[in-house]
């Protein structure tokens, strides 16, 4: 049975799209069949981060309106055949998404894939609530920064009240991915620590993604970070997150790109 | 930057944490926040009103979310004069626990 996962945050620019692409790719790399769905109608970007921007023909709204079949709109990744993208529309606005239409598309996606990952738009408006509506579980992406934490708290409230699962009286499974974390700054007392954020938000931690150049590098070339450089610190963090999602108990670490002095002395440039 | 600034640098993260805890406790219990808290507030007020007159703003209800359970804190400030037969006590604190889920928006 397919699992529908929403990647959400409230605040914009914290790494929802990066996380959607990275989790989707890592799940596909682990052999699962995965669809990543962009719900950010009017401001789509998942296509760009996935490197599929020139292959978009039909989009989510075309499928919702019945102008295109799901299969026509799904873009299969060129690097991983079990990874597909359903792009958002760039020209329409989010009011074009109907509740029934989205429900129908989600049902169809559930039949085809093991995992459906919905990239939520920022904010708490209709686009964000529609993206989370059908989810079985949620990943809340948060930066160690006051405005992001506050907005995440708000989104957690919505996950517990506005989703189908919550309305049925069930508990929505929620996980935190802390992005752009810098252990050195946290140690100096200049950045909220992991435990501070966990204490405030009270949801289980799925991964800590360290601040890294690799994230920008990956989006520059349109390749999810787990595929672009699987050994980089953020990629390892996302790959661990996926293992945890699949029920593997992986000890929590903050992966690092930094080499120790000894390593620097004795290794010539690793590929 | 002066030398004093260099040596007098205080960590800012604890301030961030404290500010967040304060504002979120307020927002979770606040007007837009939870129907549950509002409902409890009204019913608790009604029960108290049967026996003593208390001002509405002297009753504070907070729902604090924890990992496995949430805590419901009820602070009722009783007026010294309005208390009935048993001698008036100083403002009473009535901690109560409820294993409810988070205050849903």
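Coordinate-derived values only; no laboratory data. Note that the coordinates shown come from a computational prediction; the quantities given were computed from them, not determined experimentally. For neighbour counting, all protein chains shown are included, and Cβ atoms are generated from backbone atoms with ideal geometry for every residue, glycine included.
Values computed for the structure shown
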{"read-out": "When segment A:154-221 is reduced to its Cα atoms, the Kirkwood hydrodynamic radius in Å", "value": "14.1"}
{"read-out": "Estimated translational D of chain A in µm²/s (Stokes, Kirkwood radius over Cα pairs; 4 °C; 1.567 mPa s)", "value": "69"}
{"read-out": "Rh (Kirkwood; distinct C-alpha pairs) - segment A:1-50, Å", "value": "11.7"}
{"read-out": "Computed [θ] at 222 nm, deg cm²/dmol, chain A (DSSP H ≥ 4; -39,500 (n - 2.57); rounded to nearest 500)", "value": "-11000 deg cm²/dmol"}
{"read-out": "Segment A:40-140 shape via C-alpha gyration tensor axes, a/c threshold 1.5", "value": "rounded"}
{"read-out": "Ratio Rg/Rh [Cα only; Rh per Kirkwood] for segment A:81-220", "value": "1.00"}
{"read-out": "Using alpha-carbon coordinates, inclination of helix A:16-29 to the longest axis of chain A, degrees", "value": "90"}
{"read-out": "Gain on full stretching of the segment that runs from residue A:114 to residue A:96 - 0.36 nm per residue minus C-alpha separation", "value": "3.8 nm"}
{"read-out": "A:81, A:173 arranged by Cβ crowding within 10 Å, fewest neighbours leading", "value": "A:81, A:173"}
{"read-out": "Residue A:243 paired with residue B:23, simple spin-label distance in nm, labels 7 Å along Cα-to-beta-carbon", "value": "3.7"}
{"read-out": "Full-extension gain in nm, residue A:126 to residue A:1, via 0.36 nm per residue minus C-alpha separation", "value": "42.3 nm"}
{"read-out": "Extension gain (nm, one decimal) between residue A:256 and residue A:79, 0.36 nm per residue minus Cα-Cα", "value": "61.1 nm"}
{"read-out": "Ascending count of other beta-carbon atoms within 10 Å, so fewest first, for A:1, A:191, B:38", "value": "A:1, B:38, A:191"}
{"read-out": "Expected-Rg normalisation [2.2 N^0.38 Å, Cα atoms] applied to segment A:1-95", "value": "1.03"}
{"read-out": "Projected area averaged over orientations for segment A:184-263, convex hull of C-alpha atoms, nm²", "value": "6.9"}
{"read-out": "In degrees, nearest ten, helix A:146-159 long axis to first principal axis of chain A (Cα)", "value": "40"}
{"read-out": "Relative exposure of A:256, A:148, judged by other C-beta atoms within 10 Å (fewest first)", "value": "A:256, A:148"}
